[in-house]
């Protein structure tokens, strides 16, 4: 089941391999790349957001945003160096060094930038900055980062002040795997002033614990966020779960279905995710 959970996360963003820094290859890029291949849905979003979309010639099978991204059957899970090289890239962007693909591409003299899953917003800003530098769009990247910061700050500032923080449960999987406050996704909820009911359940320190239904019912969260809509989970199914009728979030209809792609990526659309969080927090009873 844990493998299934990580696969769900990775469908959009390869989050299972979380890291906090970006790894760079030693080659210097002599000129601005004009044939970029992205094997990370998040990186694809960053590339287009900084204005480098016209330089992108191919993206992986799960890079579904923006719609004009040149989607192919290239895989970020099982990358094939020969298939990537066939696109004649002058820069490949990855979220993880799967099966030694970085060394393989370096051996073919193809520049690579690895932008692993973020743990903090600073990681996000750093990756956007690096993507901008590498693609000749440094100014656009700086402007994008500032816009994201401003938008997040406004969303948080506009939240109503509460004497007691709202509690929440973030569902990654129907088996009740979740993400703690120390994960990237958890940090956004913390920014919004919400308290995570599964933090104490993370005895392994993985950041992605599984909580029992009994423990969750006892925790009685004010809000439930479903990041597993892609797996068919709905508020109606949640309400039908045995014993869940006594949970405040269920009683007060505070069950929020999140866009699975946005919820598992750490790129520019993090503002949209925060908007979903703050909208729920504003209306919660």
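Inspect all residues belonging to region 135-156 and state whether any of them is farther than 28 Å from residue 52 by Cβ and touching a residue at least 12 places away in the same chain (Cβ under 8 Å). Yes, some residue in region 135-156 is farther than 28 Å from residue 52 by Cβ and touching a residue at least 12 places away in the same chain (Cβ under 8 Å). If you go through region 39-97 and keep only what is more than 21 Å from residue 129 (Cβ to Cβ) and free of Cβ contacts under 8 Å to residues at least 12 places away in the same chain, you end up with 67, 80, 82, 83, 86.
Mind checking which residues of region 248-261 are assigned to a helix (DSSP H, G or I) and in contact (Cβ under 8 Å) with a residue 12 or more places away in the chain?
248, 249, 250, 260, 261
Filtered by the rule that a residue be crowded, with 17+ Cβ neighbours inside 10 Å, closer than 15 Å to residue 279 by Cα and more than 19 Å from the chain's Cα centre (by Cα), region 160-201 gives 166, 167. Here region 264-285 is the region considered, the condition is being touching a strand residue (DSSP E or B) at 6+ places or on another chain (Cβ under 8 Å) and either surrounded by 21 or more Cβ atoms within 10 Å (Cβ to Cβ) or assigned to a loop (DSSP other than H, G, I, E, B) (or both), and the residue that is modelled with the lowest pLDDT is 284. Say we look at region 202-218 and pick out the residues that are surrounded by 17 or more Cβ atoms within 10 Å (Cβ to Cβ) and in contact with a helix residue (DSSP H, G or I) (Cβ under 9 Å, 6 or more places away or on another chain); which of these is farthest from residue 119 (Cα to Cα)? Restricting to residues being surrounded by 17 or more Cβ atoms within 10 Å (Cβ to Cβ) and in contact with a helix residue (DSSP H, G or I) (Cβ under 9 Å, 6 or more places away or on another chain), the top hit is 217. Count of region 127-155 residues, restricted to those that are surrounded by fewer than 17 Cβ atoms within 10 Å (Cβ to Cβ) and under 23 Å from residue 279 (Cα atoms), is 7. Across region 205-234, which residue is farthest from the chain's Cα centre (by Cα) among those that are assigned to a helix (DSSP H, G or I) and at pLDDT below 95? The residue in question is 231.
The values are calculated or read from the model by the stated rules, or taken from the named source; none is laboratory data. Keep in mind that this is a model prediction, so the values were computed, not measured. Because the Cβ atoms are built from the backbone with ideal geometry, glycine has one as well, and the counts that use them run over all protein chains shown.
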